[in-house]
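The values are calculated or read from the model by the stated rules, or taken from the named source; none is laboratory data. This is a predicted model, so every value here is computed, not measured. A quick note on method: Cβ atoms are made from the backbone with ideal geometry, for glycine too, and the neighbour counts reach across all protein chains shown.
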Amino acid sequence: MKARLVVIGAGIGGLTTAAVLARSGLDVTVLEAHVSPGGCAATYFHQGYRFDAGATLAGGFYPGGPMARVAQAAGIEAWPVRPADSAMCVHLPDGTSITRHAGDSRWEEIRSLLGAGAERFFRWQEQTADALWDLALRLLPWPPQSVGQMGATLASGMPWLFSQAALSWPALGLDAFRPVAAHLAGASERLRLLVDGQLLISAQATSQHANALYGAAALDLPRRGVVHLAGGIGAIAETLVDAIRRHGGRVVYRQEATRIRMRAGRPEAVETKRGDVFPADLVFANLTPWNAAELLGEDLPPALRRLGPLPPDAWGAFVVYVGLDGASLPEGLPLHQQIIRRRPLGEGNSVFASLSPAWDARRAPPGHRALTLSTHTRLADWWRMAEQDRPAYEAQKAAMTEKLLAAAEAAIPGLRRSARLVLPGTPLTFQRFTRRKSGWVGGFPQTGLLRTHGPRLGPNLWLVGDSIFPGQSIAAVALGGLSVAQMVSRRLKTIEETTNLGEKESIP
Ligand SMILES: Cc1cc2nc3c(=O)[nH]c(=O)nc-3n(C[C@H](O)[C@H](O)[C@H](O)COP(=O)(O)OP(=O)(O)OC[C@H]3O[C@@H](n4cnc5c(N)ncnc54)[C@H](O)[C@@H]3O)c2cc1C
C-alpha cells in the first residue's frame with residue numbers, strides 16, 4: 001500500500017510540497033479551508049475586480065532561482081509570468097524617488113541619490129546575498145534538528161564556505177550575529193530610511209533588528225528581478241494546483257482540518273469540520289506552529305510543547321483593496337511602489353501599493369485597475385478593540401483606510417477621485433480568510449539565524465510555510481516546501497524499497 005500524504009492548507013508552501021511529492025508518484029491530498037488556493041498569496045474576485053489579497057510582488061523566477069527550481073521539481077513547464085522592467089519605485093519623505101532595479105544603472109542612482117556610503121553598503125549587501133542565495137539553494141536542513149542533519153549541514157556548508165573567496169570569513173562570522181545596522185554607521189538618513197523600508201517588507205524587521213546575513217539576502221529581491229503574473233499573484237498557486245492534479249494528487253476546497261488524529265505518536269488521519277476523515281500516514285501542516293498545535297490538541301509532539309504566546313514582534317497587515325477607474329490615472333505609473341512618509345515605519349507611515357497591469361484584462365472591468373495597498377500593523381490593539389470596543393475598532397479601520405489612501409495618493413495622483421470600490425481588511429480579516437493565528441502574517445521577523453521553526457514536528461509530521469526556514473515570501477516558502485519534499489521523498493523511497501510504510505516506520 002502506498003503511503004497516504006495529507007497536506008493541510010493550500011498556501012504556497014503546502015502546494016509546493018504537495019506538487020513535488022505527487023510528481024514522485026506518492027498519494028497526495030491537499031485540504032484547503034477556503035474556496036480557492038494561495039492563502040496570503042491568493043487573488044480573489046469581487047465586483048468585477050481580481051484583487052491580490054496579500055502578496056503582490058513576485059521574485060525568484062530567474063534561471064536557477066527558487067521558483068525555477070520548484071518548477072523543475074514539480075514538473076511545471078512554465079510559470080504564467082511576464083518580466084517586469086523594474087521591481088518598484090520607493091518614495092522617501094523628502095520627495096526623493098528611487099527605482100529599485102537590476103540593471104547596472106542602479107549604481108549611478110545609488111551614488112547620486114543616496115550619498116556617500118550607499119555604494120559601499122550595497123556592494124556588501126549584494127556580495128553577501130550572492131553567497132547566501134547560493135547556500136540557500138543547496139537546501140540544507142536548517143535549523144538542524146538532529147545530529148545527522150547537523151552533519152549534513154556541515155558537510156555541504158564547509159565546501160560552500162571555502163568557495164566564498166570574495167567574502168571575509170571574520171566579517172561573515174560577525175554578520176551572523178549582528179544586525180544590518182552594523183553596515184550603516186555614518187549613513188545618511190535617506191539611505192537608512194530606504195534600507196529600513198525595504199527590510200520591513202522583506203525581512204519583517206528594520207536595520208536595527210534584522211540579522212545582517214538574512215537582511216542582505218532579503219534586500220536582493222529587486223536585483224534578481226521580479227515578474228508579473230497574468231491573472232494576479234494567485235496564478236502561482238493555481239499553477240501548483242494544476243501540477244498536483246496532473247500528477248494524480250487531489251486538492252479539496254472547503255475542507256477545514258479540525259484535528260490531526262494521532263496514534264502512538266504518529267498521524268493516523270485528519271478530521272475536517274464537515275465531518276470527513278482523511279486517513280494519513282504523513283501529515284504536512286502548512287500552518288503557523290500555533291495553528292498546528294491547535295489541531296494536535298493533547299497529542300502535541302515535544303517540538304510544539306513550549307510555544308507560549310505569539311512573538312511580541314509578530315506583525316499583522318492592514319490592507320485596502322481599491323477598484324479604480326483607470327481613465328484619469330497618469331500614464332506609465334510603476335506597478336509597485338513603496339511610499340515612506342515618516343518613522344516609525346508601518347501603521348500607515350509606510351505603505352506598499354501594487355496596481356494591476358493595464359494589459360491584464362482579467363484583473364478588472366475594461367478600463368479599470370485593481371489596486372492593493374498594505375502596511376504593517378501590530379496585532380494586539382486590533383484584537384483588543386474588536387473584542388472590547390467595537391466602535392473604536394471601526395473608527396480605527398476608517399482612519400487607517402484614509403491614511404493609506406492619502407499616502408498612496410502621493411504616488412498615484414488622482415487615486416481617491418478614481419476609486420470606485422474601497423475595501424479595507426484588518427488582521428481579523430486575515431485571520432478569517434487564512435485561519436492564521438490572530439492574523440499573524442510574515443512569519444518570524446528575521447532577527448536571528450535560528451529564529452525559524454524546524455520543519456520536522458515529530459515522526460511523519462511536518463511543518464511547511466513561512467514559519468520554517470527560509471521564512472516569508474513566495475519564493476522563500478516555495479524553497480522551504482521543496483526542501484521538506486526532498487527530505488521526505490529521499491527517506492520514503494529508501495523505506496519503500498524494503499517495506500511498506502507500516503506503523504513502526506517513520507519519515508525520517
Ligand atoms: C499583506 C501581505 C503582503 C505580502 N507581500 C508579499 C510580496 O509582495 N511578495 C512575497 O513574495 N511575499 C509577500 N508576502 C508574504 C507571502 O504572502 C507569504 O510569506 C506566503 O504566501 C505564505 O505562504 P504559506 O505557505 O506560509 O501559507 P499561507 O499563505 O499561510 O496559507 C495557508 C493556507 O492554509 C489554509 N488553512 C489554514 N488553516 C487550515 C485548516 N485548518 N484546514 C485547511 N486549510 C487551512 C489557509 O486557508 C491558507 O490557504 C505578503 C504577505 C502579506 C500578508
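Summary of computed values
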| item | result |
| --- | --- |
| Some residue of segment 319-329 being of a type outside the set (Asp, Glu), under 26 Å from residue 370 (Cβ atoms) and surrounded by fewer than 16 Cβ atoms within 10 Å (Cβ to Cβ) | yes |
| Scope segment 396-420; condition of a type in the set (A, V, I, L, M), in contact with a helix residue (DSSP H, G or I) (Cβ under 9 Å, 6 or more places away or on another chain) and surrounded by fewer than 20 Cβ atoms within 10 Å (Cβ to Cβ); matching residues | 406, 419 |
| Residue match in segment 101-109 (condition: surrounded by 17 or more Cβ atoms within 10 Å (Cβ to Cβ), in a loop (DSSP other than H, G, I, E, B), of a type in the set (A, V, I, L, M, F, W, C) and out of contact with any Phe, Trp or Tyr (no Cβ under 7 Å at 6 or more places or on another chain)) | yes |
| Within segment 147-250, helices (runs of 4 or more DSSP H) holding 1 or more residues that are loosely packed, with under 15 Cβ neighbours inside 10 Å | 147-163, 169-175, 189-203, 234-246 |
| Residue match in segment 8-23 (condition: part of a strand (DSSP E or B), away from the ligand (no atom under 15 Å from the Cβ) and surrounded by fewer than 24 Cβ atoms within 10 Å (Cβ to Cβ)) | no |
| Residue count for segment 340-377, restricted to those that are part of a loop (DSSP other than H, G, I, E, B) and of a type in the set (Ser, Thr, Tyr) | 1 |
| Single residue of segment 263-316 satisfying the filter (small (Gly, Ala, Ser) and near the ligand (Cβ under 10 Å from one of its atoms)) that is farthest from residue 461 (Cα to Cα) | 316 |
| Pair list, Cβ under 9 Å, 6 or more apart: segment 39-62 residue free of Cβ contacts under 8 Å to residues at least 40 places away in the same chain, other residue more than 8 Å from the ligand (Cβ to nearest atom) and of a type in the set (Phe, Trp, Tyr) | 45/51 |
| Among the candidates 418, 467, residue that is within 23 Å of residue 50 (Cβ to Cβ), in contact with a strand residue (DSSP E or B) (Cβ under 7 Å, 6 or more places away or on another chain) and of a type outside the set (A, V, I, L, M, F, W, C) | 418 |
| Pair list, Cβ under 6 Å, 6 or more apart: segment 431-444 residue near the ligand (Cβ under 9 Å from one of its atoms), other residue β-branched (Val, Ile, Thr) | 436/288 |
| Enumeration of residues in segment 425-449 that are not in a helix (DSSP H, G or I) and not aromatic (Phe, Trp, Tyr) | 425, 426, 435, 436, 441, 442, 443, 445, 446, 447, 448, 449 |
| So residue 379, is it in contact with a helix residue (DSSP H, G or I) (Cβ under 9 Å, 6 or more places away or on another chain), buried (at least 18 other Cβ atoms within 10 Å of the Cβ) and within 30 Å of residue 136 (Cα to Cα) | no |
| Search result, residues across segment 33-45 that are over 20 Å from residue 371 (Cβ atoms), touching a helix residue (DSSP H, G or I) at 6+ places or on another chain (Cβ under 8 Å) and within 6 Å of the ligand (Cβ to nearest atom) | 34, 39 |
| Residue count, segment 224-244 (criterion: farther than 16 Å from residue 56 by Cα and hydrophobic (A, V, I, L, M, F, W, C)) | 4 |
| Qualifying residue in segment 78-94 (condition: within 12 Å of the ligand (Cβ to nearest atom) and more than 20 Å from the chain's Cα centre (by Cα)) | no |
| Among (1) within 14 Å of the ligand (Cβ to nearest atom); (2) part of a loop (DSSP other than H, G, I, E, B); (3) outside the structural domain of residue 487 (by TED's automatic domain parsing); (4) not hydroxyl-bearing (Ser, Thr, Tyr), the one test that residue 337 misses | (2) |
| Criterion (among the basic types (Lys, Arg) and within 16 Å of the ligand (Cβ to nearest atom)) met by exactly one of 100, 106 | 100 |
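To keep it simple, each residue is scored yes or no on (1) in contact with a Gly (Cβ under 8 Å, 6 or more places away or on another chain); (2) modelled with pLDDT under 85; (3) within 22 Å of residue 233 (Cβ to Cβ); (4) of a type in the set (Lys, Arg).
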{"position": "69", "(1), (2), (3), (4)": "no, no, yes, yes"}
{"position": "76", "(1), (2), (3), (4)": "no, no, yes, no"}
{"position": "97", "(1), (2), (3), (4)": "no, no, no, no"}
{"position": "107", "(1), (2), (3), (4)": "no, no, no, no"}
{"position": "129", "(1), (2), (3), (4)": "no, no, no, no"}
{"position": "140", "(1), (2), (3), (4)": "yes, yes, no, no"}
{"position": "157", "(1), (2), (3), (4)": "no, yes, no, no"}
{"position": "163", "(1), (2), (3), (4)": "no, yes, no, no"}
{"position": "170", "(1), (2), (3), (4)": "no, yes, no, no"}
